[in-house]
Amino acid sequence: MSEILAPAGSKNSALAAINAGADAIYLGLESFSARNSAENFGADGFAEISRYARAFGVKTYVAMNTAVKNCELDEFIQTAARVWNEGADALIVQDLYLGKFLKSIFPQMILHLSTQAGVCNSLGAELAKDFGFDRVILARETKLCDIEKISAIIETETFVQGALCTCFSGQCYMSSFAGGNSGNRGRCKQPCRKRYSIDREGFQTPAYRLSLSDLCVGENIDALIDAGVSSFKIEGRMRRPEYVSAAVSYYKNILSGRAADVGALKRTYNRGNYTKGLAFGQGKGFISSDVQGHMGEFVGVIKVENAKYICQSSQKFNRGDGFKILRGGLEVGGGAFGAEVKGGFTVNTRDRLKNGDKVFVTTDTALNERLLQKTRLIPVKVNAEFIAGKPARAEINGEVFTDTQPLEKALKRPLTEEEIARCFDKVDGYPFSVETEVKTDGVFAAASVMNAFRRKVYSDYFSAISKSGNKPVLADYILPRTETGRNLKTAVISADLNGVTADIGILKPNDYVETAREPDKYIHKLTNSFGGEKFLYVPPYLTDEEIETVSSVAQDFDGIYCDSYYGQKLAQKLGKKFFAGTGLNLTNAVALQNCSADYKCLSKELTVAEARELAGENVFYLAGGNIKVMDLIYCPFEKKCASCDKRSLYTLTDGDGRKFPLRRYKTSECRFEVYNCADLQTDGVDGGFYDRTLKNTDNARTRGHSVTGIY
């Protein structure tokens, strides 16, 4: 049976998930959580909820999926050991190389590789398995055909419901560079949800150009089952308990063959009326350019009558219910339930509405109450024996409990079977559904004695069924020493290496298919005067099929540069050198030691001081030029190919007038990159590993291409 995995951003959400029938929950701690703004769990809170989940056979996965800096390594490892010892069924980790180190010191620990690691093809899956991971949480962009291949290699988990990141998993730096709030550190402020305009006909009007609709795979989950997926993940650690309950119920019903109510799901949270996601192809409605937030479910249209706004609807609503009003697909206001009237209900609002405006319910108080009233109980069959001369005895589902003192024969009125059964019907706050069988020969026991015995029996039984089966680990390890030094090489990424002076030139083609078709023509033209080592830039997202195309191009190079972990495996298979790019987010000494790349680039989110601690031979640092802040594995122009102007460079402009270059490149299809509104400059930075540099030649503006400076 496939696993329904639910978000638990708080205790109440965890309880809602369990009560709705989730098979597993995932949650974050107060540190190292990629959802830093969720309520999250402290040590005591985690221990409590993990015990409660275990009692129901529900697994608990702990998300420790942020980029970990060098100064945090000890705390991270100690925390990982603690939560494992307290009963975590698995730890979710973003850093592949840090995960490899965890597995080496804690072999029994179960590790899941976070979606932030960007596993999207077979090579990434192979590397994760090599490093000891037990499961990969697939990138949301992974195609269905590749999901099937990956599932044959390692256990897989896929998202089926909830918010979609606009950027390819783990490669988003927009929030980091826009305001110093790193998504890789759990602090994303979602600048992708703001309004932007693009200098292409039909897209000049400011709209939510990068805001994606919420994912709802729905009945298509059968295709994922056929592809071999083990776990179906609901996104939403920032969302309310009623949403969690509705989402779990929806997918449990689908998997059980029962009627599934998508309406309840829409009313608890729905951005953009849902998309099936990129696994099934970018379809209409993938981008929610008109409505950014929760739009609810359509319930009727406005009729203006006697200075009142009447929603014509056959549905019943109550005081406290809330609505969003759309006109021509755009949000024009909101309102609250007023009163029932013939043919519908009135909407109280300060906004000026018009006839025909569409009304969507966004808060349904009666539904929310029903969702939060769901309960899940543990069947408990009690066989109680109250025999004179023997201690009271109770057997529950095979567990036997006895009192300390023998019972006495009753002199007057003996306890009846009914009285003993009524005593055990009291569950003392435990989630038990009790069925009792009693055997007695006429004994006496004070009510206080019986109650004390029952309380101890239930307490001991709950402790037994909620006890962790994990073999404890001891946090006994030695962290690698960081020996700082100088890198005496320079590297440059460019769409044209002619005229570039550097030790390493990284060629970034605009069209990989065209380059593969005529490699002699294109590669010679773009590299003929360059005298250093030649590396091919490999995009962070490639399908298995696209890897074949890129591999044929790579034959004419000394090595490959890649911003994804799978690049390491690809380089090994090609017999080429590997340049680990900024997108691997190397932020600590453990990652550097376990990364076997020939050249390694530190994360572009490290400060100069943090990077200097990790500096050494063949270790580079982003130090000049364009800064790529997003990789888009979809078409921001909604795949309107017939009217496409096929330009290689556009400009994305936000509400403050800041301009972000938007570059198109081609693999088997068009993909896009977003660059920061300002270039990186390190002129005047003193000493150390800045002696030799890799600089950006501003190609995002002059040639439609990124050139990244790496030191």
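The values are calculated or read from the model by the stated rules, or taken from the named source; none is laboratory data. From a predicted model like this one, the values you see are computed outputs, not experimental measurements. Because the Cβ atoms are built from the backbone with ideal geometry, glycine has one as well, and the counts that use them run over all protein chains shown. For the accessible areas, the whole protein counts, side chains as well, though only heavy atoms, and no ligand, DNA or RNA atoms are used. Shrake-Rupley method; radii C 1.70, N 1.55, O 1.52, S 1.80 Å.
When shorter helices are ignored and each DSSP H run of at least 4 residues is given -39500 (n - 2.57), the per-residue value for the chain at 222 nm works out to -7500 deg cm²/dmol. Treating r as the C-beta distance of ASP503 and ASP134 and R0 as 45 Å, the FRET efficiency rounds to 0.65. Across every pair of different alpha-carbon atoms, what Kirkwood hydrodynamic radius in Å does the chain reach? Result for the chain stands at 28.2 Å. Summing Cβ point charges (Lys, Arg +1; Asp, Glu -1) relative to the Cα centre of region 82-225 gives a dipole of roughly 760 debye. Each Lys and Arg Cβ is given +1 and each Asp and Glu Cβ -1; about its Cα centre, region 440-506 then shows a dipole of about 340 debye.
On a per residue basis, region 565-644 carries 29 Å² of accessible surface, using protein heavy atoms and a 1.4 Å probe. In loop segments of region 466-574 as defined by DSSP, the GluC sites (Glu not before Pro) with at most 13 further C-beta atoms inside 10 Å of their C-beta are GLU483.
Summary of the geometry: region 31-45 and region 518-587, compared by the centres of their Cα atoms, lie 38 Å apart. The mean sequence distance of close C-alpha pairs (under 8 Å, at least 6 residues apart), as a share of the length of region 221-312, puts its relative contact order at 18 percent. Across region 580-663, the volume of the C-alpha convex hull divided among the residues equals 149 Å³ per residue.
Restrict the search to region 363-449; then list the chymotrypsin sites (Phe, Trp or Tyr not before Pro) that DSSP places in a loop and that have at most 15 other Cβ atoms within 10 Å of their Cβ.
Filter output for region 363-449: empty list.
Return the whole-Å distance between the Cα centroid of region 305-322 and the Cα centroid of region 394-414. A separation of 61 Å, based on Cα centres.
Helices that extend 24 Å or more along their long axis by alpha-carbon positions and average at least -1.0 on the Kyte-Doolittle scale are, among the DSSP H runs of the chain, 447-465. Please name whichever of LEU652, ILE627, ALA38 sits farthest to the positive end of the charge dipole of the chain, dipole taken about the Cα centre and charges placed at Cβ: Lys and Arg +1, Asp and Glu -1. Looking along the dipole axis, the top candidate is LEU652. Per-atom-type breakdown for region 491-625 gives carbon and sulfur 44% of the accessible area (1.4 Å probe, protein chains only). Summarising the label geometry, the points placed 7 Å from Cα in the beta-carbon direction at ASN528 and ALA388 lie 11.1 nm from one another. Dipole size of the chain about its Cα centre, with +1 on Lys/Arg Cβ and -1 on Asp/Glu Cβ: approximately 1740 debye, rounded to the nearest 20. Put the Cα centre of region 373-387 next to the Cα centre of region 593-664 and the gap is 58 Å.
Projecting the Cα atoms of THR543, GLY329, ASN65 onto the charge dipole of the chain, computed from C-beta unit charges around the Cα centre, puts GLY329 farthest toward the positive end.
Each DSSP beta bridge with both residues in the chain is either parallel or antiparallel, and the antiparallel ones are about 50%. Under the combined filter of DSSP loop state and at most 16 neighbouring Cβ atoms within 10 Å, region 481-510 retains these trypsin sites (Lys or Arg not before Pro): ARG481, ARG486. Taking 7 Å steps out from each Cα toward its Cβ at ARG193 and ARG517 produces label points 4.2 nm apart. Cβ-Cβ distance of LYS646 and GLU340, R₀ of 51 Å, FRET efficiency by 1/(1 + (r/R0)^6): the value works out to about 0.40. The residue among ILE396, PRO241, SER169 whose Cα reaches farthest toward the positive pole of the charge dipole of the chain, with charges on the beta-carbon of Lys, Arg, Asp and Glu, is PRO241.
Counting heavy atoms of the protein chains only and a 1.4 Å probe, report the per residue accessible area for region 433-509 as a whole number of Å².
53 Å²
Compactness of region 371-439 is given as radius of gyration and Dmax, 14.3, 52 Å, from Cα positions. Here region 7-60 has 37 percent of its accessible surface on carbon and sulfur atoms, given a 1.4 Å probe and all protein chains in place. Once the C-beta distance of ASP222 and ASP425 is scaled by a Förster radius of 56 Å, the resulting FRET efficiency is 0.85 to the nearest 0.05. Between ARG370 and SER314, the simple spin-label model (points 7 angstrom out along Cα→Cβ) gives 1.7 nm. Peptides 319-325, 230-236, 522-528 ranked from most to least packed, by the mean per-residue count of other Cβ atoms within 10 Å: 230-236, 319-325, 522-528. Only protein atoms count toward the accessible area here, which uses a 1.4 Å probe; on region 365-411, the carbon and sulfur part of that area reaches 49 percent.
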